[in-house]
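The values are calculated or read from the model by the stated rules, or taken from the named source; none is laboratory data. Note that the structure is predicted; figures quoted are calculated from it, not measured. Here the Cβ is made from the backbone with ideal geometry for all residues, glycine too, and neighbour counts use every protein chain on show.
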Amino acid sequence: MRSRAVRANLAAGDVAPAVLAIGRPDFPDVLIDTLRRQAGVGHCMVFALTRTGAASCLLDVGNIPVGGDLGAAYAGQFHESDPNRDALFEAEAGAPILLPSFAPRMYGARYRKIFFNDSDIVDKCATAIWTGGTCFYVNFYRISAQGRFDDAARARLQAIAPTIGASVARHFQQAAIATPDQSLTALFATRAPLSALTPREQEVCRGILLGFSSEAISQDLGISLHSTLTYRKRAYQRLGISSQNELFAIVLRLLSGASSLN
C-alpha cells in the first residue's frame, strides 16, 4: 500500500497544470481539463460566499448548458438553503473542507428540481476553503450521460480536492495576471527551499516544471545535455528529492498552501 506522502506527491503532480495556470486567462479550461482527466468531472462551478451573507458565482465551466443560469440562481437565493451551508460556515479559515457525499434527500424539492432534475445533474462532490473573509466553494458535477462518480473517481477527488480548492482561491485572489514562467521565477526567488538553489539550478528546475525535456532545456540555456542533467541532480539533492513528481509537490505546496493564501 502506498504511503500517505507518496499518494500526496502523486496527486500533486497530477494537478500541476491547473496550479501552474493560476492567474492566467485559460485557468478555467485548464482546470476542467485536469478534473476530467483525473476524476471524470463533467462540470465545475465555483461560488464565493461571505459571512455577511453575500454570494456570487465566480466560475462556470463544463458540459452543463444551463450552468450560468444555475450559478445566478444559487448566488441569488438558493445558497441560503444549501444543506452544506452549516458545514461551510462552521469551518476554520485556511483548512480545506471536504463536503459530504451527494444524496438527493439532502435537498428541498424546489432546489432538487432546479439544480438536479431540470439540469440533468445526477451527482456532485464539493470542496471549499476560507481565505480571509471569503469561502471559495468548488463543486464538481456529473450529468446522466456520465453516470454517478464511482469509488475510484471519488477517491481521486478526495486526494486532489485540497490542492484544487486552494488553487481556485489563489487564482481569484490574484490581482495581476502573470505567465507561468513569471510566477515560477518569483517563487524560486523568494520561497525556501527553492530560493536556496543556484541560479542555474533554478533555471533547470523551472524548465522541468514548465514541461520541457532535458534536451529542450539544454538548448534554451545554451548548455550541454550533460550539464543540464548535472544541474538537475544537484538541485534534487539540495531539495532532498529524487523525482520530478516530488519537485511538483514542493511547488504546489508553496503555491497552494493555506498559509500563503492570506
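Quick rundown of the values:
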| read-out | value |
| --- | --- |
| Residues of region 58-78 satisfying the condition of being part of a loop (DSSP other than H, G, I, E, B), among the aliphatic types (A, V, I, L, M) and under 16 Å from Tyr111 (Cα atoms) | Val66 |
| Scan of region 99-144 for residues that are in contact with a Gly (Cβ under 8 Å, 6 or more places away or on another chain) and of a type in the set (A, V, I, L, M), ordered by number | Val122, Ala128, Ile129, Val138, Ile143 |
| Qualifying residue in region 66-88 (condition: at positive phi, buried (at least 17 other Cβ atoms within 10 Å of the Cβ) and either within 19 Å of the chain's Cα centre (by Cα) or not polar (S, T, N, Q) (or both)) | no |
| Residue in region 112-120 that is touching a residue at least 12 places away in the same chain (Cβ under 8 Å), part of a helix (DSSP H, G or I), of a type outside the set (Val, Ile, Thr) and closer than 18 Å to Asn63 by Cβ present | yes |
| Selected residue (criterion: nearest to Ala186 (Cα to Cα)) from residues of region 22-52 that are among the small types (Gly, Ala, Ser) and modelled with pLDDT of 85 or more | Ala48 |
| Residue in region 124-138 that is in contact (Cβ under 8 Å) with a residue 24 or more places away in the chain, of a type outside the set (A, V, I, L, M) and part of a loop (DSSP other than H, G, I, E, B) present | yes |
| Residues that are modelled with pLDDT under 85, among the aliphatic types (A, V, I, L, M) and surrounded by fewer than 17 Cβ atoms within 10 Å (Cβ to Cβ), drawn from region 149-185 | Ala175, Ala176, Ile177, Ala178 |
